[in-house]
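The values are calculated or read from the model by the stated rules, or taken from the named source; none is laboratory data. Quick caveat, the model's predicted, so the values are computed rather than measured. Here the Cβ positions follow ideal geometry from the backbone for every residue, glycine too, while neighbour counts run over all protein chains shown. Side chains are part of the model used for accessible areas, which takes the heavy atoms of the whole protein and leaves out ligands, DNA and RNA. Shrake-Rupley method; radii C 1.70, N 1.55, O 1.52, S 1.80 Å.
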Amino acid sequence: MEGAGGENARLRAASGDLGSLQKAVEYFTTVKERTPSNGNLHLEAIESIAFEKGLLPDVIEALLDVAMSARLVDRFNIRLLKCLIPASVVPESAVTKAISWMCTRKPTINVQVLFIRWLLTMFDLLNSKKQLHSLYGIIFFYLQNDKLCPYICHLLYLLTKKENVKRFRVKKLIDLQSKMGIQTHLVALLLLYKIHAPEYVSLALPAKPKNFQVSGSLWKKAIERIQNNGYRQLAETPGLVNVTEPPMRKRKRKMHRELIPVVSSALHLTELSPSLIQSKTFPLEQLATFTQLLQNFDWIEFPAQMGSVLRSPLLLHYINWVKDDSALLRLDFWLAQTLQEEFTDCKGDSLQKEEEFMEFLNIIIRTQEFLQEGFSCCEDFVFKSLSLWDSLWCSTQILALLTRIPPSSDVISLYFDPLMKLFFTSSVYFKCSVIESLTNLLVKWLTWHSVCVAEMDREIPSVLQSPQNVSLSGLVNSISELVEFSARISMVALQMEAYNSLLLHFILNFYETVSDMYLKYSLPLVIMPPAGIFYPALLSLESVSLNQLCHIMYRYRTNLIALKSLDPSKNVHIGLKVNRKTFQQYNTFVKAAVSCLWTSRNFAQDIHPMGIGIEYNLLAQTGVPDCKSSFTIVNHPALMGHAINFIQKGWPNGKKRLRAIQGKVWNWYVEYLYDQGLNGLKHFLECSIHTLTSSEY
């Protein structure tokens, strides 16, 4: 009985809300010009219901018409616009009527600005955009108003198709830019026009303009709250003006579902039949299989809100195939807007919201990996994150986004300096994550270069044709700075973490890529590791690290020989990067490694000055017996376990000790080591011992 009473009370409250809302709407739709004082009560009723449960489409249409007709004083018009929170969708007819009221010049400029801001916020909730597209020329006219111009540019940016780009419109935008100076909104729209029709726009425009001004956060938060809480009571009741709307499905409480709009065509699902047949446009709502994508390839148009393609792998395939720069630019702008709005709210708000935002970042990362192209807005997001980061919040996602920044001269100053501060103040596991991210970043730069070279029949030009338009010398400089930066932080980190084996492993992984840049990625560049990384790896306690170092040195040798044998006429870019000093440094490291592992002359003074040279009397003071042979392949701390195991298997009676490994037994032991999977050690010793005896360099 108590439950039934509560349900009856809820129904009575809903009925009361509906009655008060209906009275308020009837009042404002019939009121004469200049509202009397008792209009406040009706407006408060509308505001209360709108911000609690949202408004039906017919209510929004009626109230928007009242606000834009200027029958009320401005304070009422503005309050009405601010409370137009939809419970489901926004009817396009309401928007077209509102634009027609703008043409009468009845609404004041403040009301017009607020309406356009509201329209930008509700753009994804419009049930159709066909009529709005047909009003493109009228909307473009309002660019001449200084207050409206930024918001009109944003609206036009969302609406622009190739057929909308006309020479006279480009001329108007250029005239406005000459009059107002360089404005972000004008540059963004001009850049989109230039992509659609480059023959009309001859101006030099930045490849990455700034974002549009963020607006409408009050409405967005209200919509998110209403639709997340599942308020659909009003949507289930008859319309106030005989307009019904099908109930919406309850959305999951996931931010990435709220942030990413639903994939929809220019027309709503209820309007698909005759108009779509005439326009031959395939409705995106029906795109469910790859076969459909192939069959309707020529009849697919990108949605007005490009953010919705993140929901559809098929549309991402379509983007990859058509190579439409405008689509990527529009998607980049949408992501920039969303990241700018959500990043400021998610930190420190709630654990759930942070987890949801992390999932949204994961979607962006997966999209970038699928498209094999980074978004410029993510570069700005990473830079802002690094300056405010504590290395714990979204660390996996931000480091993954870091691996997609393009090669440029600003890398060190913009990203590496703040990253270095975080690197040295964080745990060893975070240090390993940073080194891994820098390795992935290097691989992506090198892969991009190798693809460009392969497409040009392996002829290396002075300027590579790429989206970033990076010259070969610029790419080489960026990669050199990346390797040098990684070397600096790696040497310090090894000392800070007492030469941690895990950290050393990630650092050596980085140098595996560095050692093979020419043969694997076609980049004529060789950068040797510093002594602060080579010697800790050579004297490591882990056989894995020693074997990895030997493999790296073997790959260095292979790349150096290949570069040395190049035709001088094709070697024009190598002179400053692979010179005699590089070969000398390699030979010094080879002598040091072979002297330790093979000839029992570790730390010999003739290795100095590029290596470690220690006088014998200083070594003797350490008290280590037979210090000369302490790092041979028999006594090396990383290999001693293998040596003991070899002796135990070969002479189980215990009659032989480690010192017996010499002569023929030495050769047997070397073969035993090779059989243990130490291929890096095998290749290095075989090629380096031969190199030393033949004096190849």
Discussion item. Need the failing condition index for L267 against (1) modelled with pLDDT of 85 or more; (2) not in a helix (DSSP H, G or I), just the number.
Written reply: (1)
Item to complete: Quick one: in segment 576-596, of everything that is among the charged types (D, E, K, R) and over 14 Å from I527 (Cβ atoms), which residue is modelled with the highest pLDDT?
Response: K591
Item to complete: Give me the pairs, please: first residue somewhere in segment 482-496 and without any contact (Cβ under 8 Å) to a residue 60 or more places away in the chain, second residue anywhere and open to solvent by 10 Å² or more (accessible area, probe 1.4 Å) and part of a helix (DSSP H, G or I), beta-carbon distance under 6 Å, and either six or more positions apart or on two chains.
Response: M491/G532; L494/P536
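In segment 496-563, which helices (runs of 4 or more DSSP H) lie fully inside it and hold 3 or more residues that are among the aromatic types (F, W, Y) and on the phi < 0 side of the Ramachandran plot?
Details: elements: 501-515, 517-521, 531-538.
Result: 501-515.
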Discussion item. Looking at segment 64-78, can you tell me whether even one residue there is buried (at least 20 other Cβ atoms within 10 Å of the Cβ) and within 40 Å of the chain's Cα centre (by Cα)?
Written reply: yes
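Test of understanding: among S93, S88, which residue is open to solvent by 20 Å² or more (accessible area, probe 1.4 Å), farther than 24 Å from P150 by Cβ and under 39 Å from the mean Cα position of the chain (by Cα)?
Details: S88 fails: open to solvent by 20 Å² or more (accessible area, probe 1.4 Å).
Just a single option satisfies the conditions, and that option is S93.
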Worksheet item: Quick one: how many residues across segment 279-331 are closer than 22 Å to H154 by Cα and acidic (D, E)?
Response: 3
Discussion item. Cβ contacts < 8 Å: first residue closer than 12 Å to I633 by Cα, restricted to segment 643-671; second residue modelled with pLDDT under 75, any location; separation 6+ or different chain. Result?
Written reply: A643/L658; I644/L658
Worksheet item: Given the conditions (1) at pLDDT below 85; (2) buried (at least 20 other Cβ atoms within 10 Å of the Cβ), which single one is not true for I435?
Response: (1)
Worksheet item: Just checking, how many residues over segment 143-160 are more than 12 Å from L119 (Cβ to Cβ) and open to solvent by 10 Å² or more (accessible area, probe 1.4 Å)?
Response: 5
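Does segment 169-198 hold any residues that are part of a helix (DSSP H, G or I) and without any contact (Cβ under 8 Å) to a residue 12 or more places away in the chain, and which are they?
Step one: filter segment 169-198 for residues part of a helix (DSSP H, G or I), giving 169-180, 184-196.
Scanning segment 169-198 gives K171, D175, S178, K179, K194.
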Worksheet item: When segment 123-142 is examined, which residues are found to be surrounded by 19 or more Cβ atoms within 10 Å (Cβ to Cβ) and either in contact with a Leu (Cβ under 8 Å, 6 or more places away or on another chain) or at pLDDT 90 or above (or both)?
Response: F123, L126, S128, K129, L132, I139, F140, Y142
Worksheet item: Taking segment 663-694 as the search range and keeping residues that are more than 19 Å from I552 (Cβ to Cβ) and at pLDDT below 75, which one is most open to solvent (accessible area, probe 1.4 Å)?
Response: T693
Discussion item. Quick check on segment 48-59. Is at least one of its residues of a type in the set (K, R), open to solvent by 40 Å² or more (accessible area, probe 1.4 Å) and assigned to a helix (DSSP H, G or I)?
Written reply: no
Worksheet item: Being more than 51 Å from the chain's Cα centre (by Cα), at pLDDT 85 or above and at negative phi, is that true of even one residue in segment 614-623?
Response: no
Worksheet, complete the sentence: Residue count, segment 597-609, condition assigned to a helix (DSSP H, G or I) and either at pLDDT 55 or above or among the acidic types (D, E) (or both), comes to 2
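Report, by residue number, each residue of segment 519-535 that is within 15 Å of F589 (Cα to Cα) and surrounded by fewer than 19 Cβ atoms within 10 Å (Cβ to Cβ).
Applying the first criterion (within 15 Å of F589 (Cα to Cα)) to segment 519-535 yields 526-535.
P530, A531, G532, listed by residue number.
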Discussion item. Just the residues that are surrounded by fewer than 17 Cβ atoms within 10 Å (Cβ to Cβ) and among the hydroxyl-bearing types (S, T, Y), please, taken from segment 438-447.
Written reply: T447
Worksheet item: Exactly one of (1) modelled with pLDDT of 85 or more; (2) open to solvent by less than 60 Å² (accessible area, probe 1.4 Å); (3) over 16 Å from A531 (Cβ atoms); (4) not in a loop (DSSP other than H, G, I, E, B) is unmet by I644. Its number?
Response: (2)
Worksheet item: Which of the residues spanning segment 305-343 are out of contact with any Phe, Trp or Tyr (no Cβ under 9 Å at 6 or more places or on another chain), of a type in the set (D, E, K, R) and closer than 22 Å to P198 by Cβ?
Response: K323, D325
